[in-house]
Structures are given as C-alpha cells and as structure tokens.
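Everything on this sheet refers to the single structure shown next.
Please treat every number below as a calculation from the coordinates, not as lab data. None of the values given here were measured: they were computed from a predicted structure. Cβ placement follows ideal geometry from the backbone for every residue including glycine, while neighbour counts extend to all protein chains displayed.
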Amino acid sequence: MSDSESLRELEEEMDDYLGRYREQRMEELAREIEHAKRGEDAYQEVHDEGELMRKTVSTQTVVILFHNPEFQTCQIVDSALREIASRYYDTQFYKIKATEAPFLAVKLQIKVLPCIVIYRDGKEIQRVVGLESLIDGTDIGTFTTQRLEKYFLKCHVIKPRVLDMKH
C-alpha cells in the first residue's frame, strides 16, 4: 500500500471516529437539555418510603443512599453522590434518611450507614455498606468522589460520558 493510500485510509478512519464522537456527543447534549428543561434535580431527597419504592420500580437505574445526616461518613457520601448525579442523567439518584424508611431498612437488612443500594429495572443489583471497597482499610480520608464514580462505572451503574472517553 502506498503512502497516499495509507494516508487516505487513515483520514477515512479519523472521519468515521469523529462522526461517531459527534453523534454520541449530540445525544448526550440532547439528554442534558431535556433534563434541564424538565427542571429535575439529579439527586433528590425523598421523605416517604412508599414514594421511594414507586420511583425505584418506575426508573431503569436507581441509586439510593440510606443515611443519617448527622454521621460524618454519610455527609461525605452524600456530597459525592450529589456531584456524580449532576453529571450522569441516565441514572436517577435518591437519598432517604434511614429513620424515614423503617420498613425498607428492615426489609433490606440495612444495619450500617451509609448504605447505597443500586437497582436496575426494580431489582437490586449492587450495594455498598458503609465505605467498604471505597477506602483503604479504615482510613476515611482515602475516600474520594472519583473512587465512587469509578465503582459505579465498573458496575455499569453509570455510563461513560463521551467527553470522558477521549482520555
């Protein structure tokens, strides 16, 4: 194959890649615009466990934080979820005080807070109890929003964003 043919083939591959990238980015922007038009908060606090159960079964992918706002670890996870939720519109994020969800806390056997329970199509697919797997040993200082985000990406709870795919 000559140099000009190789260059032409490379240009075609680049055009294909850029076309796919543009298409994915346009879809992402359309979702973001639609989300903004609806005025939805990406991370909502729910005060009624019945309402939370209805939202869980009517949404494809849901992340729920059971928490106590007075616990430091819950505050840390709450802040991280707020940041993550603002970037991923295909997943709905909710939080509820464990004291406002006594039935669910017993049914789901939630004994440690914070507890993140993840649902897809109304079925539990994953959970994070306390900060397990998100910190080094018992050092709370090693928790980062990026670690939680990577965990969600690994579990396919959130989809990689087009902008993140360029790295």
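Note the count of lysine pairs whose C-alpha atoms are less than 19 angstrom apart in the chain, limited to pairs 8 or more residues apart or on different chains.
Total qualifying Lys-Lys pairs in the chain comes to 15.
List the trypsin sites (Lys or Arg not before Pro) within segment 50-146 that fall in a DSSP loop (any state other than H, G, I, E or B) and whose Cβ has at most 11 other Cβ atoms within 10 Å. Walk me through the intermediate numbers first.
Numbers: sites: 54, 55, 82, 87, 95, 97, 107, 111, 120, 123, 127; in loops: 87, 111.
Passing both the DSSP loop test and the Cβ count: 111.
Of the residues 52, 18, 134, which exhibits the maximal mean-square fluctuation in a Gaussian network model of the chain defined by a 10 Å Cα contact cut-off?
In this elastic network of the chain, the residue with the biggest mean-square fluctuation among 52, 18, 134 is 18.
Normalise the Cα radius of gyration of segment 52-130 by 2.2 N^0.38 Å (N = residues in it) and let me know the number.
Numbers: Rg = 11.8 Å, N = 79, 2.2 N^0.38 = 11.6 Å.
Working it through for segment 52-130, the quotient is 1.02.
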